[in-house]
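The values are calculated or read from the model by the stated rules, or taken from the named source; none is laboratory data. These figures come from a predicted structure and were not determined experimentally. No Cβ is skipped: glycine too gets one built from the backbone with ideal geometry, and neighbour counts run over all protein chains shown.
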Amino acid sequence: MAWVEPQHSREDVDAAGVALAQRKSSNPFAPFDPEFQSALAIINNWRSSHNWPLNTFQIGLRRRAKQIDQSSLIAQRIKRLPAIRHKLRIMKKWVTLSQMQDIGGCRAVVGNVSQVYQLVDNYRRSDIKHKLEKLNDYIKAPKPTGYRSIHMVYRYNSDRSETYNGLQIEVQLRSPLQHAWATAVETVGLFTQQALKSSRGQAEWLRFFTLMGSALAIREQQALVPNTPENRKELKKEIQEHASKLNVVDHLHAFSQALQVTEKPGSQKAHYFLLQLDPTAKKVNVTGYTQRELFQATQEYEVAERSGSSVGVDAVLVSVESLASLKRAYPNYFLDTGVFIKAVEQAIA
């Protein structure tokens with residue numbers, strides 16, 4: 001299998017990122033001139049070039065996580081173009097496209113918080129050649145949104161080939177409850193057409209997820225989310241008020257009901273999966289690709305992004321161990337918030 005290599009200078013990549021960020025339409029694939037088409041080609045080459053280092057980190061993460069928790073869940077993905085555009089727009093004073101640290105990302109969900117920190121220690125004690133650029137502990141210091149996880153950003157380095165040296169890969173480590181919270185935020189955001197993940201949307205939903213972040217932190221005996229009640233009775237009361245006002249449990253149940261899942265032939269033996277979710281029609285199409293078909297998968301991903309963005313269809317290209325683990329790794333694309341629903345019911349019981 002031929003891996004895509006970077007074909008453009010960092011200056012050209014950053015210029016293409018500026019062109020993407022300055023697009024006036026909310027749809028990055030709205031009709032555009034040939035000049036922007038050239039910029040888009042540069043961006044897609046830059047994204048695809050992260051597949052090799054990302055695959056390297058995913059293999060290492062899988063090995064380390066399985067040593068700690070045999071049932072751990074490992075996944076990887078290349079960042080979606082709309083997400084890249086949004087990040088470039090809100091962080092234009094600090095981040096350029098070539099500096100973006102999470103173009104390629106892999107994630108491990110292990111059994112509990114203790115195992116998350118065991119995995120962190122495993123990395124710290126290793127003789128890994130890649131440079132750890134940053135470690136953000138959002139468990140000890142949760143984000144104001146309620147998000148909790150650990151992020152490690154590595155800069156790829158290889159003695160054998162310098163082709164991909166310097167590319168950054170983000171490694172996320174989560175517990176099941178932290179994964180359930182993040183899944184629910186994305187599911188509600190997709191269904192209600194709100195960028196809740198980026199702290200944009202209805203204030204009631206944003207506050208509800210902030211409060212639930214603290215409720216889950218209490219269950220895991222970890223730090224509370226900033227600006228949430230420290231008194232448990234007060235926290236419970238406020239969660240009850242928002243859950244009732246938003247009719248949270250019924251809404252989450254409704255999102256997953258009658259979802260039509262279409263799997264293309266051959267998906268059972270696939271390594272990469274293209275997920276296309278239409279939340280309005282409650283349909284998700286799953287197309288599988290073998291490791292040798294990554295180039296084809298990448299091309300069809302770009303087509304799916306372009307065609308789907310105009311009709312509200314969300315597309316993402318991911319890699320997991322098997323089709324069976326796909327739904328566990330990306331439950332938001334299957335509108336599955338069962339674990340989070342139980343957590344909400346426990347918090348307001």
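Answer yes if at least one residue in region 306-313 is more than 22 Å from ALA75 (Cα to Cα), touching an Asp or Glu at 6+ places or on another chain (Cβ under 9 Å), of a type outside the set (Lys, Arg) and outside any helix (DSSP H, G or I), and no otherwise. Walk me through how you get there before you give the answer.
Of all residues in region 306-313, those more than 22 Å from ALA75 (Cα to Cα) come to 306-312.
Pick out the ones that are also touching an Asp or Glu at 6+ places or on another chain (Cβ under 9 Å) and you get 308, 311-312.
Applying the additional criterion that residues be of a type outside the set (Lys, Arg) yields 308, 311-312.
After this cut, where a residue has to be outside any helix (DSSP H, G or I) as well, the list is 311-312.
Yes; the residues of region 306-313 include at least one that is more than 22 Å from ALA75 (Cα to Cα), touching an Asp or Glu at 6+ places or on another chain (Cβ under 9 Å), of a type outside the set (Lys, Arg) and outside any helix (DSSP H, G or I).
Which ones in region 144-162 are surrounded by 15 or more Cβ atoms within 10 Å (Cβ to Cβ) and over 16 Å from the mean Cα position of the chain (by Cα)?
Listed by number, the residues that qualify are TYR154, ARG155, TYR156, ASN157.
How about region 41-78: which of its residues are touching a Leu at 6+ places or on another chain (Cβ under 8 Å) and in a strand (DSSP E or B)?
ILE74, GLN76, ARG77, ILE78
Looking only at region 174-210, count how many residues are surrounded by 18 or more Cβ atoms within 10 Å (Cβ to Cβ), aliphatic (A, V, I, L, M) and more than 24 Å from GLU230 (Cβ to Cβ).
Total meeting the criteria: 3.
Does region 20-34 contain any residue that is at pLDDT below 95, surrounded by fewer than 17 Cβ atoms within 10 Å (Cβ to Cβ) and within 18 Å of the chain's Cα centre (by Cα)?
no
Return the total of residues in region 40-56 being surrounded by fewer than 22 Cβ atoms within 10 Å (Cβ to Cβ) and either out of contact with any His (no Cβ under 7 Å at 6 or more places or on another chain) or at positive phi (or both).
6
Is region 230-247 home to any residue that is surrounded by 20 or more Cβ atoms within 10 Å (Cβ to Cβ) and in contact with a Gly (Cβ under 9 Å, 6 or more places away or on another chain)?
For region 230-247, residues surrounded by 20 or more Cβ atoms within 10 Å (Cβ to Cβ) and in contact with a Gly (Cβ under 9 Å, 6 or more places away or on another chain): absent.
Name the single residue that is surrounded by the most Cβ atoms within 10 Å (Cβ to Cβ) among those in region 115-136 being in contact with a Ser or Thr (Cβ under 9 Å, 6 or more places away or on another chain) and not hydrophobic (A, V, I, L, M, F, W, C).
The extreme case among them is HIS130.
Among the strands (runs of 3 or more DSSP E) contained in region 191-305, which hold 3 or more residues that are in contact (Cβ under 8 Å) with a residue 40 or more places away in the chain?
By residue number, 272-278.
Could you tell me whether any residue of region 149-167 is assigned to a loop (DSSP other than H, G, I, E, B) and under 20 Å from ILE218 (Cα atoms)?
Within region 149-167, one or more residues are assigned to a loop (DSSP other than H, G, I, E, B) and under 20 Å from ILE218 (Cα atoms).
If a residue has to be closer than 30 Å to ARG10 by Cα and either β-branched (Val, Ile, Thr) or within 13 Å of the chain's Cα centre (by Cα) (or both) to count, how many in region 163-194 make the cut? Show your work before the answer.
To start, the set of residues in region 163-194 that are closer than 30 Å to ARG10 by Cα comprises 163-173.
Retained after the next criterion (residues that are either β-branched (Val, Ile, Thr) or within 13 Å of the chain's Cα centre (by Cα) (or both)): 163, 169-173.
Final tally of qualifying residues: 6.
For (1) of a type in the set (Val, Ile, Thr); (2) in a helix (DSSP H, G or I), each residue gets a yes or a no:
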{"residue": "ALA83", "(1), (2)": "no, yes"}
{"residue": "ASP102", "(1), (2)": "no, no"}
{"residue": "ASP121", "(1), (2)": "no, yes"}
{"residue": "ALA141", "(1), (2)": "no, no"}
{"residue": "THR145", "(1), (2)": "yes, no"}
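If you go through region 117-131 one residue at a time, do you hit one that is hydrophobic (A, V, I, L, M, F, W, C), closer than 27 Å to ASP14 by Cβ, modelled with pLDDT under 95 and in contact with a helix residue (DSSP H, G or I) (Cβ under 8 Å, 6 or more places away or on another chain)?
Of all residues in region 117-131, those hydrophobic (A, V, I, L, M, F, W, C) come to 119-120, 128.
Next, only the ones that are closer than 27 Å to ASP14 by Cβ stay: none.
For region 117-131, residues hydrophobic (A, V, I, L, M, F, W, C), closer than 27 Å to ASP14 by Cβ, modelled with pLDDT under 95 and in contact with a helix residue (DSSP H, G or I) (Cβ under 8 Å, 6 or more places away or on another chain): absent.
Is it true that ARG306 is basic (Lys, Arg) and either over 29 Å from SER149 (Cα atoms) or in contact with a Pro (Cβ under 6 Å, 6 or more places away or on another chain) (or both)?
The answer is yes for ARG306.
Taking TRP94 as meeting all but one of (1) free of Cβ contacts under 8 Å to residues at least 60 places away in the same chain; (2) under 30 Å from LEU190 (Cα atoms); (3) in a helix (DSSP H, G or I), write down the number of the exception.
Status for TRP94: all satisfied but (3).
Tally up the residues in region 123-139 that are part of a strand (DSSP E or B) and under 17 Å from PRO176 (Cβ atoms), please.
Qualifying residue count, region 123-139: 0.
Answer with yes or no whether LYS87 is without any contact (Cβ under 8 Å) to a residue 12 or more places away in the chain, out of contact with any His (no Cβ under 9 Å at 6 or more places or on another chain) and farther than 16 Å from LEU167 by Cα.
Spelling it out, it is not the case that LYS87 is without any contact (Cβ under 8 Å) to a residue 12 or more places away in the chain, out of contact with any His (no Cβ under 9 Å at 6 or more places or on another chain) and farther than 16 Å from LEU167 by Cα.
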